[in-house]
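A.B. asks: Pasting a structure below so you can have a look.
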């Protein structure tokens with residue numbers, strides 16, 4: 001009579017090996033979640049910078065005569081100051097400005113606007129976010145190009 005199947009010891013050894021593999025692999029995958037969020041925020045920061053530069057370049061190509069720029073079918077509001085001593089033509093820090101230029105995913109990023117500062121927070125976490133900070137003002141004239149600031153201390 002032929003017996004087929006596994007012995008109890010063989011099953012215990014397989015379970016122990018799987019347990020050891022799980023103990024080693026799980027902490028590595030848990031750490032990847034935080035890294036993925038940080039990468040998403042940093043990648044979005046790059047998209048924000050690129051979108052602002054593309055809009056600015058298109059505005060310059062239009063001979064600085066409009067307060068809007070059309071980017072892939074979306075109208076983007078820009079600073080239209082014609083004073084040559086200022087930096088103009090960048091998207092404004094509004095949903096109709098940089099919001100239209102960057103095309104963010106509302107399922108991943110929530111948006112808040114505080115004057116010249118627009119913040120895209122990853123899943124609503126303000127400490128895991130990207131801020132589009134419009135140019136500094138001097139008597140309602142913008143004197144420097146917008147900048148992008150990244151906060152990743154709260155990405156968990």
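A.B. asks: So what is the relative contact order for the chain, in percent, with contacts set as C-alpha pairs under 8 Å and at least six apart? Don't jump to the answer; show the numbers that get you there.
C.D. replies: On the way: 233 pairs, mean separation 30.4, N = 156.
Value for the chain: 20 percent.
A.B. asks: How tilted is helix 8-61 with respect to the longest principal axis of the chain? Cα atoms for both, answer in degrees (0 to 90, nearest 10).
C.D. replies: Between helix and principal axis, roughly 10 degrees.
A.B. asks: Still on this model: For the chain, set up a GNM with springs between Cα atoms under 10 Å and report which of 88, 25, 101 has the largest fluctuation.
C.D. replies: Highest fluctuation among the options: 25.
A.B. asks: Rounded to the nearest Å, what's the spacing between the alpha carbon centres of the range 89-117 and the range 4-62? Just the number, please.
C.D. replies: 27
A.B. asks: What shape does the range 27-110 take by its C-alpha gyration tensor, where a ≥ b ≥ c are the square roots of the eigenvalues and a/c under 1.5 counts as rounded, a/b above b/c as prolate, and the rest as oblate?
C.D. replies: Numbers: a/c = 3.50, a/b = 2.64, b/c = 1.33.
Note, shape of the range 27-110 comes out prolate.
A.B. asks: Further, regarding this structure: Between 89, 73, 19, where does the largest GNM mean-square fluctuation fall for the chain, given springs only between Cα atoms within less than 10 Å?
C.D. replies: 19
A.B. asks: Pick from 21, 95, 11 the residue whose mean-square fluctuation is largest in a GNM of the chain, springs joining Cα atoms under 10 Å.
C.D. replies: Of 21, 95, 11, the Gaussian network model singles out 11 as fluctuating most.
A.B. asks: Out of [x] 1.36; [y] 0.92; [z] 0.95, which label holds the value of Rg/Rh (Cα atoms, Kirkwood Rh) that was computed here?
C.D. replies: Read-out taken from this structure: [x].
Only the coordinates and a few stated rules stand behind these numbers; no lab work does. All values derive from a computational prediction rather than experimental measurement.
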